[in-house]
Amino acid sequence: MSRPNTTLIINLIQDIATPHNNILIREFARQNDVVLKLWYALEQDQSQYQWSENITHEHFPAQIYGNTLNWKFIWYCLSHPAERFILVGWMNSNTKLLLLLFFLFRRSYTHWTDLPNDRRGVILKQRFVRRLAYSILRYSRAMVFGVGKPTLDYFESIGFPRQRVVNLPIFIESDEDINLYKLRQQEIFSEYGIQEGDFVLSAGSRLIFEKGYDLLIKAVSQLNEAVRRRVKVLIVGSGVCSDELQNQISTLNLQGQVTLVKWLAIEDFKALIACSDVFIHPARIDSYGGTTLGMALGVPVIGSNGAGAAIDRIEHGKNGFLYEPEDTRQLAHYIELFYLDPLLRKQMAQAALKTAKKWPPSLGLQIIVGNTL
């Protein structure tokens, strides 16, 4: 069906608002050529993310369609064929039904997804349902936005034509005033007991098994003793593994080296990263993740090849290091390498920042406007 020649209207349909997507949404607020309508299933989800403030309506007023079936919302999506629709995942009954109805009515739309977690805890029934959903998506009139190259490769491996899969990664600020964050170094070091000459490693996300923070702690325990004494690791976040990680720190007698820090406001988290020597992204599997944040703040990154952002952005040995997630001795080796070679850290940091600047949020707007159906 041809679209009338009118103002482009894009409906972005998500479960909840997130800080990284709000950076992309802000780009739409800076221009007048496209109308962006925001839809969320929930106003907030404090059980999963403890943001210090409600970011749902940060740039545009959003509509809340709910987790239970909302026929008024469904009807709106079906009755406005001239508008474009982007479904971010399909985590609730409304988005699952829309997936099926768009397929049955041969409606064009766009699906934005990250790399599925097939490595742990996914039972056969879940795999079957996912493959069925992807089959429907494949034979729909749909474009797929994949979060990073690993996601694109995954969809191609299950039969999607590459021309229907576009890389739309997680965008972050690419022009940060890093020096402003570094002015807070004395404040941050004082708060966490960091002494002059300490080697500071930062990391952070939800504290769950997939994120691999137990592997980072194990790697710290395997460091050369002289290096280990100078290392200070700050892991920011909350989650079901918090107690387990704290017990691991105690068992390995690393209370002086590793500190778990509860969720920080995003500006405080950025300042902590910018004041650290290295950012670590140790995930067993992560659809994208914090590698991009570390790079944009001019900090060298060590990332596992289970982390989508690390695979997507790190050129091993040029702007960071990649390693196998479970190979904690390799992770320890790269930590020691950075510790012993300040010039290498500086060179990698500069290269990382250069890479980050190639991916400004404005590029995300261009990708969306140019590829949504």
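List every residue pair whose Cβ atoms lie under 7 Å apart, where the two residues are 6 or more positions apart in sequence or sit on different chains, the first residue falls within the stretch 349-367 and is closer than 21 Å to residue 201 by Cα, and the second residue, located anywhere, is crowded, with 19+ Cβ neighbours inside 10 Å and hydroxyl-bearing (Ser, Thr, Tyr).
Once the first residue is closer than 21 Å to residue 201 by Cα and sits in the stretch 349-367, its partners that are crowded, with 19+ Cβ neighbours inside 10 Å and hydroxyl-bearing (Ser, Thr, Tyr) give 356/174; 356/292.
Please report, ordered by residue number, the strands (runs of 3 or more DSSP E) entirely within the stretch 255-373 with at least 3 residues that are open to solvent by less than 30 Å² (accessible area, probe 1.4 Å) and either modelled with pLDDT of 95 or more or more than 30 Å from residue 13 (Cβ to Cβ) (or both).
Counting at least 3 such residues, we get 278-281, 301-304, 320-323.
Among the residues of the stretch 82-110, what is the count of those that are closer than 22 Å to residue 8 by Cα and either of a type in the set (Asp, Glu) or open to solvent by 50 Å² or more (accessible area, probe 1.4 Å) (or both)?
Residues in the stretch 82-110 being closer than 22 Å to residue 8 by Cα and either of a type in the set (Asp, Glu) or open to solvent by 50 Å² or more (accessible area, probe 1.4 Å) (or both): 3 in total.
Those residues that are within 24 Å of the chain's Cα centre (by Cα) and closer than 16 Å to residue 37 by Cα, I need them from the stretch 67-94; list them, please.
Result: 85, 86, 87, 88.
Listed here are the residues, each with its yes/no results for (1) at pLDDT below 95; (2) in contact with a Leu (Cβ under 7 Å, 6 or more places away or on another chain); (3) over 30 Å from residue 307 (Cβ atoms); (4) part of a helix (DSSP H, G or I).
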| site | (1), (2), (3), (4) |
| --- | --- |
| 73 | no, no, yes, yes |
| 77 | no, yes, yes, yes |
| 96 | yes, no, no, yes |
| 112 | yes, yes, no, no |
| 119 | yes, no, no, no |
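Only residues that are modelled with pLDDT of 90 or more, more than 19 Å from residue 27 (Cβ to Cβ) and either surrounded by fewer than 16 Cβ atoms within 10 Å (Cβ to Cβ) or not hydroxyl-bearing (Ser, Thr, Tyr) (or both): list them for the stretch 43-67, please.
Result: 63, 64, 66.
Only residues in the stretch 169-197 that are closer than 14 Å to residue 357 by Cα count as the first member; pair them with residues that are open to solvent by 80 Å² or more (accessible area, probe 1.4 Å), Cβ under 6 angstrom, at least 6 apart or cross-chain, and list the lot.
From residues that are closer than 14 Å to residue 357 by Cα, the pairs are 174/357.
Would you confirm whether or not the stretch 230-238 contains a residue that is touching a strand residue (DSSP E or B) at 6+ places or on another chain (Cβ under 6 Å), of a type in the set (Gly, Ala, Ser) and under 16 Å from residue 259 (Cβ atoms)?
Yes: the stretch 230-238 contains one or more residues that are touching a strand residue (DSSP E or B) at 6+ places or on another chain (Cβ under 6 Å), of a type in the set (Gly, Ala, Ser) and under 16 Å from residue 259 (Cβ atoms).
Within the stretch 245-254, which residues are open to solvent by less than 40 Å² (accessible area, probe 1.4 Å) and not in a helix (DSSP H, G or I)?
254
The values are calculated or read from the model by the stated rules, or taken from the named source; none is laboratory data. Since the structure is predicted, the reported quantities are computational estimates derived from the model, not experimental observations. Cβ coordinates were reconstructed from backbone atoms using ideal geometry, including for glycine residues, and neighbour counts include every protein chain displayed. Note: areas computed on protein heavy atoms with side chains; ligands, DNA, RNA excluded. Shrake-Rupley method; radii C 1.70, N 1.55, O 1.52, S 1.80 Å.
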